[in-house]
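Here the structure is laid out as structure tokens; the discussion comes afterwards.
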Amino acid sequence: MSKERKMTITLPREELMSSGHLACQGCGATLAMRYALKALGQKTILCIPACCWSVIDGPFPHSSLDVPIYHCAFETAASSASGVRAGLDMVGDKETTVMAWAGDGGTFDIGIQALSGAAERNEDFIYACYDNEAYMNTGIQRSSATPIGAWTTTTPVKHYKKERKKDIIGIMAAHDIPYIATASIAYPEDMVKKFKKAKDIHGTRFIHIYAPCPTGWKSRPDDTVKLARLAVQTGYFPLYEVENGEKWTLNLKIKERKPITEYLKLQGRFRHLKQDEIDLIQAEVDNNYQKILKKCGL
Amino acid sequence: MKKVIMGNHALSYGAMLSRAQVIAAYPITPQTQVVELLSEMCANGTLDAKFIKVESEHSAMAACLGASMAGARTFTATSAQGLALMHEMLHWASGGRMPVVMGDINRAMAPGWSIWTDQIDSLSQRDTGWIQFYCSSNQEVLDTVIQAYKVSEKLMIPSMVILDAFALSHTYEVVEIPEQEKVDAYLPPFNPPYRLTPADPHAFGGLTSPDHYMELRYKLQKDMEKVPALVEETGREYEKMFGRYLGQVDDYLCDGAELVFVTSGTAGLTARVVVDELRAQGVKAGNLRIKLFRPFPFEQVRSILSRVPKVAVLDRNISYGHHGVFYQEVKSAMYGLPSEPAIFGFIAGLGGRDITRETYKEIADYALKHDRPEEEIVWIGVKK
Ligand SMILES: Cc1ncc(C[n+]2csc(CCOP(=O)(O)OP(=O)(O)O)c2C)c(N)n1
Ligand SMILES: [Mg+2]
């Protein structure tokens with residue numbers, strides 16, 4: 001018996017999400033929630049605006065999560081969370097963690113005013129954005145988080161997205177909030193560590209989670225984790241933290257970045273791209289990665 | 001204690017005495033003094049509340065709702081453009097059964113920019129499931145805020161306490177400020193049956209299938225229908241404790257009248273002066289001021305107006321392509337009654353144009369001269 005090799009499980013064992021949720025196969029956003037709640041524990045209240053997660057949780061009167069959820073309006077994740085925090089404080093609950101949990105559309109686009117307002121006031125909650133790079137709930141329309149080159153139903157192949165993805169971390173860092181991190185469902189230990197760290201900090205904490213969506217990206221459900229890993233390994237989505245808007249730390253140094261085509265070719269949404277377009281995207285990725293290295297003092 | 005205060009400060013005192021715990025608001029003329037005084041009160045400790053200085057009215061209401069869901073008593077105030085920006089969240093408040101109390105200063109909608117009073121901002125929100133009180137004095141504003149919390153929290157339906165821009169918001173009047181202890185005895189702390197707490201986790205407002213949605217709305221309507229009786233009950237209780245009755249409507253000499261002006265807000269006070277003048281000339285006039293507009297006080301309006309041959313409804317608003325809103329509502333309340341009066345609809349005072357004694361005299365002239373209204377809408381004082 002003693003010779004049996006045992007894998008050590010580094011993630012908390014507590015499960016606050018049950019399997020009876022309504023997500024598609026291979027949904028990255030679902031893994032993201034599972035890991036985030038493992039880190040935060042049961043004393044957490046979620047504010048979830050319109051997004052896939054307002055469906056994934058399950059229809060009234062059911063819920064697949066063992067924490068209270070306030071399903072709020074699309075653009076109000078940050079303003080609702082501000083209110084919940086204030087309300088809890090006034091009724092004497094200073095312990096519970098409040099987390100706004102929104103998609104990229106609810107964060108980069110329609111909710112950015114409320115988010116910027118809350119960050120400027122340094123409201124005391126965690127804002128987690130799971131980024132699947134489009135409005136998936138409504139059927140794969142482009143958001144300002146959709147990457148350059150991608151197909152969506154509102155950026156058809158002939159008019160694929162020509163604009164760059166909005167630099168949400170740059171925007172949030174400009175608010176000088178105490179904690180910002182990127183996280184990926186392919187790196188659960190790193191993600192859990194970041195949520196735990198965020199939990200113990202006061203003020204506005206922003207975590208940007210990379211969450212592949214097989215339905216919207218036209219990728220294989222069993223490639224979800226692989227894609228998330230490739231996004232990090234290509235330098236497309238580096239894992240890093242920004243503290244107080246000034247201390248940038250790269251969490252995972254990639255010695256040899258993989259070419260972006262390895263990442264692109266697994267997704268139908270990039271299938272139309274020609275070599276010269278892929279070269280341009282590679283140059284974009286290189287440029288962005290260098291910028292982040294520089295900010296991290298590397 | 002008596003104080004000379006503006007209507008806006010009557011709202012602030014009402015919120016303070018009600019011990020609002022979370023306030024989230026955004027400034028707009030003519031509401032600003034409401035929140036200025038409240039932030040002062042929060043800063044100097046007169047009021048133990050969190051004031052969230054949000055970046056918009058949409059966020060103001062969203063934050064109030066979050067706080068309400070967490071079990072806190074919440075207050076906000078706005079006007080016109082701000083109320084319109086909140087629209088989505090107004091449905092959220094009533095649909096989610098969150099008893100927020102909000103002050104709205106009735107102001108005309110842009111364009112062109114107008115900061116002056118009319119009622120279209122709040123009347124455009126009549127179908128959002130909020131209780132609406134239209135006030136006509138600063139005392140009534142303060143008292144109604146306190147009563148509104150009592151009614152709202154009992155039924156878990158939000159309330160709007162409404163006052164005219166400038167005519168009330170910026171007008172100073174003597175107001176009796178009730179003692180805190182007595183208000184505490186009248187209004188117990190907010191203790192909702194459900195709230196956001198990890199001790200009893202629920203998901204609120206999630207995806208609701210056609211199997212359930214309709215029942216939730218049916219229940220909201222059924223509870224709305226309980227409001228008039230509850231306003232009556234809490235208004236009498238208020239009278240017992242504070243000496244001022246707070247009702248659904250205000251009847252001035254309607255009994256036995258041949259012509260009744262139906263009004264709302266401050267315009268009603270001018271009507272009374274004209275009622276007295278007409279009576280001195282031998283015309284038996286009266287005034288019915290509608291204070292509770294949502295839910296509509298069917299019973300009281302019917303019982304008072306079915307004894308009157310002619311009713312002149314004054315609207316400081318218009319529903320484009322139809323009539324003035326109060327005119328629509330009074331007609332629909334009276335429709336088909338055996339003693340349905342002749343009901344006339346008048347529009348006056350849009351965008352803050354003064355409603356004067358002359359306005360009512362013109363209205364009285366028209367109504368007395370005609371058996372039935374000859375026009376869908378009679379405009380008073382418009383340069384055609
Ligand atoms: C005010 C408003 N506008 C539009 C919608 C419709 N809507 C619901 S979810 C959604 C897209 C959400 O996208 P995202 O935030 O990226 O989350 P995802 O669905 O991708 O998880 C849209 C447009 C809405 N609910 N409210
Ligand atoms: Mg999305």
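Out of the residues in segment A:98-111 that are in contact with a helix residue (DSSP H, G or I) (Cβ under 9 Å, 6 or more places away or on another chain) and within 11 Å of ligand 1 (Cβ to nearest atom), which is nearest to B:ASN191 (Cα to Cα)? The extreme case among them is A:TRP101.
Checking every residue in segment B:82-95 against the condition of being closer than 24 Å to B:LEU17 by Cβ and among the hydroxyl-bearing types (Ser, Thr, Tyr) gives zero matches.
Within segment B:25-45, being among the polar types (S, T, N, Q), closer than 27 Å to B:TRP113 by Cβ and either within 14 Å of chain A (Cβ to nearest Cβ) or free of Cβ contacts under 8 Å to residues at least 60 places away in the same chain (or both) holds for B:THR32, B:SER39.
Does B:GLY256 satisfy being open to solvent by less than 50 Å² (accessible area, probe 1.4 Å) and within 24 Å of B:GLY235 (Cα to Cα)?
Details: open to solvent by less than 50 Å² (accessible area, probe 1.4 Å): yes; within 24 Å of B:GLY235 (Cα to Cα): no.
No: the conditions fail for B:GLY256.
For segment A:118-162, filtered to residues that are open to solvent by less than 10 Å² (accessible area, probe 1.4 Å) and within 14 Å of chain B (Cβ to nearest Cβ), the residue that is nearest to ligand 1 (Cβ to nearest atom) is A:TYR127. Taking the listed residues B:MET214, B:MET224, the one that is in contact with a helix residue (DSSP H, G or I) (Cβ under 9 Å, 6 or more places away or on another chain), of a type in the set (A, V, I, L, M) and at pLDDT 95 or above is B:MET224, with no other qualifying. With respect to the conditions (1) at pLDDT 95 or above; (2) more than 7 Å from chain B (Cβ to nearest Cβ); (3) over 21 Å from the mean Cα position of the chain (by Cα), A:PRO61 falls short on a single one, namely (1). Put simply, of A:TYR289, A:TYR240, A:TYR263, A:TYR210 the only residue that is touching a Ser or Thr at 6+ places or on another chain (Cβ under 7 Å), more than 22 Å from A:TYR135 (Cβ to Cβ) and either of a type in the set (Ser, Thr, Tyr) or modelled with pLDDT under 95 (or both) is A:TYR240.
Being in contact with a helix residue (DSSP H, G or I) (Cβ under 7 Å, 6 or more places away or on another chain), among the hydrophobic types (A, V, I, L, M, F, W, C) and more than 16 Å from ligand 1 (Cβ to nearest atom) is the requirement here; does A:TRP248 meet it?
Details: in contact with a helix residue (DSSP H, G or I) (Cβ under 7 Å, 6 or more places away or on another chain): yes; among the hydrophobic types (A, V, I, L, M, F, W, C): yes; more than 16 Å from ligand 1 (Cβ to nearest atom): yes.
In short, yes.
In segment B:8-24, the condition of being more than 11 Å from every other protein chain (Cβ to nearest Cβ), open to solvent by 10 Å² or more (accessible area, probe 1.4 Å) and over 24 Å from A:ASP89 (Cα atoms) is met by at least one residue.
So which residues in segment A:15-40 are farther than 17 Å from A:SER63 by Cα and part of a loop (DSSP other than H, G, I, E, B)? Within segment A:15-40, A:GLN25, A:GLY26, A:CYS27 meet the criteria.
Every condition in (1) surrounded by 16 or more Cβ atoms within 10 Å (Cβ to Cβ); (2) among the charged types (D, E, K, R); (3) part of a loop (DSSP other than H, G, I, E, B) is met by B:ARG272 except one, and the failing one is (3).
Output the residue which, of all residues in segment B:194-227 that are among the hydroxyl-bearing types (Ser, Thr, Tyr) and in a loop (DSSP other than H, G, I, E, B), is farthest from the other protein chains (Cβ to nearest Cβ).
Just the residues of segment B:194-227 that are among the hydroxyl-bearing types (Ser, Thr, Tyr), to begin with: B:194, B:197, B:208-209, B:213, B:218.
Okay, now just the ones that are also in a loop (DSSP other than H, G, I, E, B), so B:194, B:197, B:208-209.
Details: B:TYR194: 10, B:THR197: 6, B:THR208: 4, B:SER209: 6 Å.
Ranking the qualifying residues of segment B:194-227, first place goes to B:TYR194.
The one condition from (1) open to solvent by less than 40 Å² (accessible area, probe 1.4 Å); (2) over 21 Å from A:TYR210 (Cβ atoms) that A:ALA39 does not meet is (2).
Okay, residues lined up against (1) away from ligand 1 (no atom under 16 Å from the Cβ); (2) under 15 Å from A:ARG34 (Cβ atoms):
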| site | (1), (2) |
| --- | --- |
| A:ILE185 | no, yes |
| A:PRO188 | yes, yes |
| A:ALA198 | yes, no |
| A:ILE201 | yes, no |
| A:THR204 | yes, no |
| A:ILE207 | no, yes |
| A:PRO214 | no, no |
| A:LYS226 | yes, no |
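Based on what the data block shows, is A:GLU95 part of a loop (DSSP other than H, G, I, E, B) and either within 8 Å of ligand 1 (Cβ to nearest atom) or surrounded by 20 or more Cβ atoms within 10 Å (Cβ to Cβ) (or both)? Against the criterion (part of a loop (DSSP other than H, G, I, E, B) and either within 8 Å of ligand 1 (Cβ to nearest atom) or surrounded by 20 or more Cβ atoms within 10 Å (Cβ to Cβ) (or both)), A:GLU95 does not qualify. Restricting attention to segment B:46-100 and to residues that are more than 8 Å from every other protein chain (Cβ to nearest Cβ), part of a loop (DSSP other than H, G, I, E, B) and of a type in the set (Val, Ile, Thr), the residue that is least open to solvent (accessible area, probe 1.4 Å) turns out to be B:VAL100.
Let me confirm something: among A:VAL84, A:VAL67, which residue is touching a Cys at 6+ places or on another chain (Cβ under 8 Å), facing chain B (nearest Cβ under 7 Å) and among the hydrophobic types (A, V, I, L, M, F, W, C)? Don't jump to the end; show me each part of the working.
Values: A:VAL67 fails: touching a Cys at 6+ places or on another chain (Cβ under 8 Å).
Residue meeting the stated conditions: A:VAL84.
Of all the criteria given as (1) free of Cβ contacts under 8 Å to residues at least 60 places away in the same chain; (2) of a type in the set (Ser, Thr, Tyr); (3) open to solvent by 10 Å² or more (accessible area, probe 1.4 Å), the one not satisfied by A:THR182 is (3). Entry remark, segment A:205-225: residues being small (Gly, Ala, Ser) and under 10 Å from the mean Cα position of the chain (by Cα) number 1 in total.
For segment A:174-285, the strands (runs of 3 or more DSSP E) that sit wholly inside it and include 3 or more residues that are within 16 Å of ligand 2 (Cβ to nearest atom) and in contact with an Asp or Glu (Cβ under 7 Å, 6 or more places away or on another chain) are A:205-210.
Any chance segment B:106-124 includes a residue that's within 14 Å of chain A (Cβ to nearest Cβ) and free of Cβ contacts under 8 Å to residues at least 60 places away in the same chain? Checked segment B:106-124: no residue is within 14 Å of chain A (Cβ to nearest Cβ) and free of Cβ contacts under 8 Å to residues at least 60 places away in the same chain. Residues that are open to solvent by 10 Å² or more (accessible area, probe 1.4 Å) and either within 16 Å of ligand 2 (Cβ to nearest atom) or of a type in the set (Ser, Thr, Tyr) (or both) within segment A:65-85 comprise A:PHE74, A:GLU75, listed in sequence order. The number of residues in segment A:98-117 that are touching an Asp or Glu at 6+ places or on another chain (Cβ under 6 Å) and either outside any helix (DSSP H, G or I) or more than 10 Å from chain B (Cβ to nearest Cβ) (or both) comes to 3.
Conditions (1) more than 20 Å from the chain's Cα centre (by Cα); (2) among the hydroxyl-bearing types (Ser, Thr, Tyr), marked per residue:
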position: B:TYR245; (1), (2): no, yes
position: B:SER319; (1), (2): no, yes
position: B:VAL325; (1), (2): no, no
position: B:LEU337; (1), (2): yes, no
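All of (1) within 16 Å of ligand 1 (Cβ to nearest atom); (2) open to solvent by less than 40 Å² (accessible area, probe 1.4 Å) hold for A:LEU88 with one exception: (1).
The values are calculated or read from the model by the stated rules, or taken from the named source; none is laboratory data. Note that the coordinates shown come from a computational prediction; the quantities given were computed from them, not determined experimentally. Note that we place each Cβ from the backbone using ideal geometry, even for glycine, and neighbour counts take in every protein chain shown. Heavy atoms of the whole protein, side chains included, go into the accessibility calculation; ligands, DNA and RNA do not. Shrake-Rupley method; radii C 1.70, N 1.55, O 1.52, S 1.80 Å.
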